[in-house]
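Q: First the structure, which I've put down as structure tokens, then a few questions once you've had a look.
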Amino acid sequence: MINGSKKIGVDLEAYNTEIFVSGDHLAKYGENCCKEYSGDHGRYTTAGYIYKRARKDVRRYLNAVKVIERFAESSGMYDKEILPEEFGWITDNAYLVREEKDIIRDEVNGRKGLPISAVSGRIPCIYMLADGFLRAGAADISEDRLRTYLSGVQQERVLNENELWIFCGMLRCAVINRLSELAEDAVREVKEYGDKNSVFYAERKAYDILCAQKELPYELKHRAGKAREAHAKLSESIKSVFSALRTLRRTDYSKVLSDMSELDRILRTDPAASYAASDKSTRAAYRIKTERIAKRSGRSEPETAKALIYSSRIESDPIKQSVCWQIDNDPYIIGPQKRRAVLVLAADIILPVIISAALSIAVKSIVVFFVALLPLWEFTKSILHHVILSHISGYPVPRLDLSAGIPCEGNTIVAVSELICSKEQADEAVAALERHYLSNRECGDSVLYGILADFKDSRSQRSADDEDIVLTLKQSCDRLNDKYGSRFCFFIRERTYYKRENIYFGKERKRGALAALAALICNEESELCIYGTSRERLQSVKYILALDADTVPTPDSIRYMIGCALHPVNKAVVDEDKGCVVSGYGIFQMRISTDLEAACASEFARIYAGQGGTDSYSGHCADMYQDVFGEAIFNGKGLIAV
């Protein structure tokens with residue numbers, strides 16, 4: 001129950017009653033709840049009040065735990081093993097409630113644009129709907145019941161995206177609120193153990209008489225039975241709510257919420273089918289962008305989505321026929337991004353100039369201005385980038401869902417650039433290639449794995465151990481191809497003489513090797529020798545994933561990167577006259593991070609490498625240049641469109 005309801009003047013007695021509504025009547029119940037709790041049309045609130053209430057409910061629950069534990073210790077219930085079942089449920093599951101505090105903060109805090117409820121202008125309608133759903137199912141919050149309930153709610157009023165995707169967060173708040181109420185009911189039981197007129201006092205006295213092996217009076221026995229009934233009722237309520245909490249923690253409701261989203265339904269009519277083919281996080285990002293367009297344009301979300309679909313249908317350019325492209329290039333999205341980029345550039349330039357000028361004026365020397373300008377620019381740039389990344393909301397790069405497999409237009413070769421100096425190093429390079437395949441075997445036959453090898457520098461074009469290295473690489477690749485199928489290969493080239501250095505080594509090192517591989521794929525002249533695959537198969541390759549010997553792609557990361565490259569809004573469009581990419585991206589690079597072992601290798605690594613980890617690619621990361629300007633700086637490793 002929301003504290004303060006009496007002050008509001010609303011009778012919530014019916015609202016506090018737990019009932020079970022069967023599936024046949026659940027849709028109608030949801031429709032009636034929406035009628036009952038919907039407030040004034042056009043008035044909105046935030047989730048701030050509910051978030052504060054949830055934090056207070058957590059404190060109420062934990063305080064109740066302390067009271068119960070003190071009572072159990074002082075009364076000897078722990079030693080006698082007669083602790084009522086509901087007390088055990090409350091104390092044993094306190095850790096779940098503590099964890100929910102952080103989860104609720106992430107899901108609820110800061111959310112805006114929530115229509116108010118009829119209960120109070122501070123309470124969002126979606127909270128009342130979530131609580132009504134919890135109380136109408138005896139804590140049964142299965143996906144099927146949620147789908148039925150929300151379909152009934154939307155018969156009365158279509159929920160906006162904010163409401164729909166915060167529903168689970170509000171449901172968590174309702175669960176915690178209900179647990180805090182039940183915990184306080186248990187505290188009242190504790191207090192009544194000292195009241196001679198209560199049934200719980202009679203229960204304790206009856207236990208002492210039985211322990212003394214004396215006959216129990218009828219009246220005392222009857223009152224002790226009433227206490228046991230109260231214990232059973234409260235225990236059953238607590239068990240059912242904790243069952244709901246565990247269901248909420250282990251169930252992914254995104255499919256249900258997506259099916260209930262009117263915005264999602266409209267965007268799936270995209271003529272290019274790019275939205276429907278995108279993965280879950282990409283679809284969520286485009287719904288958020290559409291919601292922002294609707295808010296800035298003053299239109300409803302369904303109207304905005306329909307307008308975007310119409311714009312994509314009248315386009316003749318295949319790329320612009322994607323509703324994702326229409327969303328990304330809408331004036332209400334692109335305008336703020338351009339203004340933000342201008343402000344960042346201006347701040348990056350003006351801030352160090354102002355500080356340098358102030359210093360030169362303070363010391364009355366123009367020399368100080370020029371001497372301090374460059375160091376101050378480096379200093380202010382780091383601070384500025386940190387502040388920007390803390391306050392802007394970046395979006396994940398759009399990505400197709402390739403869980404069903406990679407199409408032929410996504411054929412890729414993983415090219416690991418490596419300087420091979422010995423047979424042992426050759427064996428290790430092929431073993432690493434095998435590990436890359438095993439961690440990304442879902443890519444199937446669409447991905448080749450190859451070593452882009454160079455011999456070590458030498459005073460002559462050929463060295464004595466060159467043939468042994470090539471033979472070792474060939475035997476190792478043949479072994480893997482026999483084991484896993486024809487998907488492993490390696491490329492190697494002769495050394496080139498550099499007169500200036502008077503030495504032979506691979507032409508232009510890694511960059512030259514990648515350029516030679518690209519020429520080979522494009523059926524042009526190349527100095528590379530091929531082992532383990534054919535030139536014809538290489539010509540079907542569309543992307544090169546350039547890696548270094550120390551780069552370790554995590555499970556499924558290759559498929560995710562290919563999904564980014566294949567998304568219509570990301571596909572590179574090359575201007576033949578200018579010879580450059582004018583739309584989309586020609587290179588996709590992964591997040592670069594230090595693994596746990598390397599991060600702890602030395603004091604220098606601990607200071608400069610940052611916090612290492614076992615999985616550095618699993619989450620989204622921020623990049624100032626990508627988030628602000630839509631482009632990033634290439635770090636030498638990534639997926640390159642050929």
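The values are calculated or read from the model by the stated rules, or taken from the named source; none is laboratory data. On a predicted model such as this, the values are computed, not experimentally measured, just so you know. We place every Cβ from the backbone using ideal geometry, glycine too, and count neighbours over all the protein chains shown. Remember, those area values only see protein heavy atoms, side chains included, never the ligands or the DNA or RNA. Shrake-Rupley method; radii C 1.70, N 1.55, O 1.52, S 1.80 Å.
Q: Any idea how many residues of the stretch 429-485 are in a loop (DSSP other than H, G, I, E, B) and either touching a Gly at 6+ places or on another chain (Cβ under 6 Å) or not aliphatic (A, V, I, L, M) (or both)?
A: 10
Q: Among 306, 364, 338, which is on the phi > 0 side of the Ramachandran plot and open to solvent by 30 Å² or more (accessible area, probe 1.4 Å)?
A: Only one candidate passes the filter, namely 364.
Q: What residue, of 460, 403, is open to solvent by less than 80 Å² (accessible area, probe 1.4 Å) and not hydrophobic (A, V, I, L, M, F, W, C)?
A: Result: 460 is the single residue among 460, 403 that is open to solvent by less than 80 Å² (accessible area, probe 1.4 Å) and not hydrophobic (A, V, I, L, M, F, W, C).
Q: Starting from the stretch 556-581, take each residue that is on the phi > 0 side of the Ramachandran plot and list its partners that are surrounded by fewer than 20 Cβ atoms within 10 Å (Cβ to Cβ) and assigned to a helix (DSSP H, G or I), counting only C-beta distances under 9 angstrom and pairs at least six apart or across chains.
A: 556/439; 556/442
Q: Then there's this: Test residue 51 against the stated conditions and say whether it is at pLDDT 90 or above, in a helix (DSSP H, G or I) and under 31 Å from the mean Cα position of the chain (by Cα).
A: yes
Q: Across the stretch 227-285, which residue is farthest from the chain's Cα centre (by Cα) among those that are closer than 27 Å to residue 140 by Cα and not in a helix (DSSP H, G or I)?
A: Top of the filtered list is 261.
Q: Now, a different point. List every residue pair whose Cβ atoms sit under 8 Å apart, with the two residues 6 or more apart in sequence or on different chains, where the first one lies in the stretch 61-76 and is among the aromatic types (Phe, Trp, Tyr) and the second, anywhere, is at pLDDT below 90.
A: These pairs meet every condition: 71/77; 71/190; 71/193.
Q: Which residue is farthest from residue 283 (Cα to Cα), if the candidates are limited to the stretch 309-335 and must be among the aliphatic types (A, V, I, L, M) and surrounded by fewer than 20 Cβ atoms within 10 Å (Cβ to Cβ)?
A: So, considering only residues that are among the aliphatic types (A, V, I, L, M) and surrounded by fewer than 20 Cβ atoms within 10 Å (Cβ to Cβ), the one farthest from residue 283 (Cα to Cα) is 314.
Q: Which residue pairs have Cβ atoms under 8 Å apart, sit 6 or more places apart or on different chains, and have a first residue in the stretch 95-114 that is open to solvent by 70 Å² or more (accessible area, probe 1.4 Å) and a second that is β-branched (Val, Ile, Thr)?
A: Close Cβ pairs (under 8 Å, with a partner that is β-branched (Val, Ile, Thr)) amount to 98/58; 101/58; 112/46.
Q: On the given criteria, is residue 58 modelled with pLDDT of 90 or more and open to solvent by less than 40 Å² (accessible area, probe 1.4 Å)?
A: The answer is yes for residue 58.
Q: Do we have residue 159 as assigned to a loop (DSSP other than H, G, I, E, B) and crowded, with 22+ Cβ neighbours inside 10 Å here?
A: yes
Q: When you go through (1) over 17 Å from residue 35 (Cβ atoms); (2) at pLDDT 80 or above; (3) part of a helix (DSSP H, G or I) one by one for residue 204, which number turns out not to apply?
A: Answer for residue 204: the failing condition is (2).
Q: A further question on this structure: Of everything in the stretch 207-226 that's in a helix (DSSP H, G or I) and of a type in the set (Asp, Glu), which residue is nearest to residue 132 (Cα to Cα)?
A: If we take residues in the stretch 207-226 being in a helix (DSSP H, G or I) and of a type in the set (Asp, Glu), then 219 is nearest to residue 132 (Cα to Cα).
Q: Test residue 422 against the stated conditions and say whether it is over 29 Å from the mean Cα position of the chain (by Cα), surrounded by 11 or more Cβ atoms within 10 Å (Cβ to Cβ) and in contact (Cβ under 8 Å) with a residue 12 or more places away in the chain.
A: Yes: the conditions hold for residue 422.
Q: Same structure, new question: Does residue 40 fit the bill of being among the charged types (D, E, K, R), at pLDDT below 75 and within 36 Å of the chain's Cα centre (by Cα)?
A: yes
Q: Show the residue pairs meeting these rules: Cβ distance below 8 Å; 6+ apart or different chains; first residue within the stretch 290-318 and closer than 13 Å to residue 272 by Cα; second residue hydrophobic (A, V, I, L, M, F, W, C) and open to solvent by 30 Å² or more (accessible area, probe 1.4 Å).
A: Close Cβ pairs satisfying both conditions: 312/272; 312/325; 318/272.
Q: Exactly one condition in (1) in contact with a Leu (Cβ under 8 Å, 6 or more places away or on another chain); (2) without any contact (Cβ under 8 Å) to a residue 60 or more places away in the chain; (3) under 30 Å from residue 134 (Cβ atoms); (4) of a type outside the set (A, V, I, L, M) is false for residue 233; which is it?
A: Unmet condition: (1).
Q: Determine which member of the set 509, 495, 500 is in contact with a Lys or Arg (Cβ under 8 Å, 6 or more places away or on another chain) and either more than 25 Å from residue 423 (Cβ to Cβ) or of a type in the set (Lys, Arg) (or both). First the steps, then the outcome.
A: Values: 509 fails: in contact with a Lys or Arg (Cβ under 8 Å, 6 or more places away or on another chain); 500 fails: in contact with a Lys or Arg (Cβ under 8 Å, 6 or more places away or on another chain).
Residue meeting the stated conditions: 495.
Q: Mind checking which pairs have a first residue in the stretch 158-172 that is over 16 Å from residue 289 (Cβ atoms) and a second that is of a type in the set (Val, Ile, Thr) and open to solvent by 20 Å² or more (accessible area, probe 1.4 Å), Cβ under 7 Å, 6 or more apart or different chains?
A: Within 7 Å, the pairs are 172/103.
Q: Filter the stretch 190-240 for residues that are of a type in the set (S, T, N, Q) and open to solvent by less than 70 Å² (accessible area, probe 1.4 Å); which is farthest from residue 179 (Cα to Cα)?
A: 198
Q: Can you name every residue in the stretch 136-156 that is part of a helix (DSSP H, G or I), open to solvent by 10 Å² or more (accessible area, probe 1.4 Å) and out of contact with any Lys or Arg (no Cβ under 8 Å at 6 or more places or on another chain)?
A: 144, 145, 147, 148, 151, 154, 155, listed by residue number.
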